[in-house]
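**Q** Submitted below is the structure of interest, expressed as structure tokens.
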Amino acid sequence: MEVVIAKNYDEMSKIATNIIRDQILKKPNSVLGLATGGTPVGTYKELVRMHKQEGLDFSKVITFNLDEYLGIPDDHPERYMNFMKSNLFNQINIRPDAIHVPTNIWEHVEEFCQWYEDEIDKAGGIDLQLLGIGPDGHIAFNEPTSSFASRTRVKTLDESTIKANARFFNNDESKVPKYAVTMGVGTILEAKTLLLLANGKKKAGIVAQFIEGPITSMITASALQLHPKPIVVLDEDSASDLKLKDYFKWVYSNKPKKYLEEQ
Ligand code: PGA
């Protein structure tokens with residue numbers, strides 16, 4: 001696992017954005033897996049800046065978001081489709097028909113989940129999947145004990161996730177939807193590159209566990225240990241409990257130049 005430790009949130013976001021930019025430059029019709037939550041907001045801001053100031057072109061890019069709340073009203077600002085429009089899609093030149101965010105409605109949800117998996121396959125699979133990590137170690141909404149073979153499906157949110165996400169719902173836990181459609185761990189593991197971001201002291205414990213602890217479905221982010229190309233970009237605070245912190249810094253600062261250029 002490649003672990004990059006940035007000075008702070010802004011540097012973390014810039015490193016992540018450069019990885020995404022390089023992916024798009026290498027393959028203009030890249031299939032990107034996208035994430036929501038507080039963590040990637042700085043990355044999306046920087047991508048928008050690159051589009052506006054440097055002409056980063058999204059016209060051939062295809063996107064699939066990880067998850068969506070079920071039952072959330074269509075016009076709710078925390079509906080992930082709306083979050084993505086305001087933070088990214090409305091500010092770049094992506095084709096509307098290239099955007100995929102899971103459904104927010106219960107009707108035909110099982111058929112939807114199968115359709116979503118099929119669309120990812122038809123697009124040729126995800127080239128680069130952006131991920132955050134929840135306080136319980138989840139990736140997407142794959143809560144503890146989610147099977148590592150799981151596919152896109154309905155999940156019930158863990159109470160710790162509802163508590164953590166209440167900040168986006170006026171701190172009212174009763175307003176946070178209890179259910180979501182989420183890509184499975186198995187779906188995520190099929191992406192060619194995984195790029196997980198974490199920042200802040202609150203994430204330090206769970207970050208150390210998923211990177212240095214055992215592979216366990218109790219912490220679904222630990223499934224990254226099974227992936228051929230996982231990149232984790234942290235800020236100093238979220239990296240503070242890592243035993244191998246100095247090693248990771250040493251490896252990154254000694255990365256062969258040619259290899260860095262190819263990344
Ligand atoms: P956050 O959420 O980016 O808002 O911390 C991450 C997650 O729950 O996956």
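**Q** Convert each backbone phi in region 118-133 into a coupling constant with the Karplus relation 6.51 cos²θ - 1.76 cosθ + 1.60 (shift: θ = phi - 60°), then list the ³J(HN,Hα) values in order as whole Hz, x for Gly and Pro.
**A** Residue by residue, region 118-133 yields 5, 5, 4, 4, 4, 6, x, x, 8, 6, 9, 10, 7, 9, x, 9 Hz.
**Q** Under the rule of -39500 (n - 2.57) per DSSP H run of 4 or more residues, summed and divided by the residues of the chain, what mean residue ellipticity at 222 nm is obtained, to the nearest 500 deg cm²/dmol?
**A** -10000 deg cm²/dmol
**Q** Where a ≥ b ≥ c are the square roots of the eigenvalues of the C-alpha gyration tensor, would you call region 72-212 rounded, which needs a/c under 1.5, or, failing that, prolate if a/b is larger than b/c, or oblate?
**A** In terms of gyration-tensor shape, rounded.
**Q** Okay, next question. When the chain is modelled as a GNM with alpha-carbon springs shorter than 10 Å, which of LEU224, LEU25, LEU128 fluctuates the most?
**A** LEU25
**Q** A further question follows. Pairs LYS85/LYS163; LYS155/LYS192; LYS175/LYS202; LYS60/LYS201: which are spaced more than 30 Å apart, C-alpha to C-alpha?
**A** LYS60/LYS201
**Q** Moving on to the next point. I want to check the label-to-label distance for LEU226 and PHE168. Put each point 7 Å from Cα in the C-beta direction and report it in nm to one decimal.
**A** 2.6
**Q** Under the rule of at least 5 residues apart or a separate chain, name every residue whose amide H is placed under 5 Å from the amide H of ASN93.
**A** For ASN93, the qualifying residues are PHE58.
**Q** Calculate how large, on average over all directions, the projected area of the Cα convex hull of the chain is; give the answer in nm² to one decimal.
**A** Details: hull surface 52.4 nm².
Dividing the Cα hull surface by four gives the mean projection, 13.1 nm².
**Q** Then there's this: Which of the peptides 36-47, 73-84 is most tightly packed, and how do the rest follow, judged by the mean count of other Cβ atoms within 10 Å per residue?
**A** Averaged packing, sorted descending, gives the order 36-47, 73-84.
**Q** Rounded if a/c is under 1.5, else prolate if a/b is larger than b/c, else oblate: which is region 149-246, with a ≥ b ≥ c the root eigenvalues of its Cα gyration tensor? If you can, show how the numbers build up before the last one.
**A** On the way: a/c = 2.18, a/b = 1.21, b/c = 1.81.
It is oblate, given that a/c is not under 1.5 and a/b is not larger than b/c.
**Q** Next question. Would you pull out the residues with amide H under 5 Å of THR193's amide H, same chain only if 5 or more places away, H placed 1.01 Å from N?
**A** LEU128, GLN129
**Q** Apply the Karplus parameterisation 6.51 cos²θ - 1.76 cosθ + 1.60, with θ equal to phi minus 60°, to every residue of region 90-102 and state each ³J(HN,Hα) to the nearest whole Hz, in sequence, with x for glycine and proline.
**A** 6, 10, 10, 9, 7, 6, x, 7, 9, 9, 10, 10, x
**Q** Another question, if that's okay. Residues of region 165-200 with amide nitrogen under 15 Å from the 7 Å Cα-to-Cβ point of MET1?
**A** 189, 194-199
**Q** What FRET efficiency, computed as 1/(1 + (r/R0)^6) with R0 = 41 Å and r the Cβ-Cβ distance, is obtained for GLU11 and GLN114, rounded to the nearest 0.05?
**A** Working: r = 40 Å, r/R0 = 0.98.
The pair GLU11/GLN114 has a calculated efficiency of 0.55.
**Q** Determine the shape class of region 36-128: with a ≥ b ≥ c the square roots of the Cα gyration tensor eigenvalues, call it rounded for a/c under 1.5, and otherwise prolate if a/b is greater than b/c, oblate otherwise.
**A** oblate
**Q** Something else: For LYS14, which lysines qualify as cross-link partners when the Cα separation must be under 16 Å and same-chain residues fewer than eight apart are set aside?
**A** LYS45, LYS52
**Q** 7 Å from Cα along Cα→Cβ at both SER86 and LYS202: what's the point-to-point distance in nm?
**A** 1.9
**Q** Hey, another quick one. Using mean Cβ contacts within 10 Å as the protection proxy, how do 129-135, 205-211 order, highest first?
**A** Per-residue Cβ counts within 10 Å, averaged per peptide and sorted highest first, yield 129-135, 205-211.
Computed from the coordinates by the stated procedures, all read-outs in this text should not be read as laboratory data. Quick caveat: nothing in here was measured; it's all calculated off a predicted structure. Neighbour counts are summed over all protein chains in view; Cβ atoms, including those assigned to glycine, are modelled from backbone coordinates with ideal geometry.
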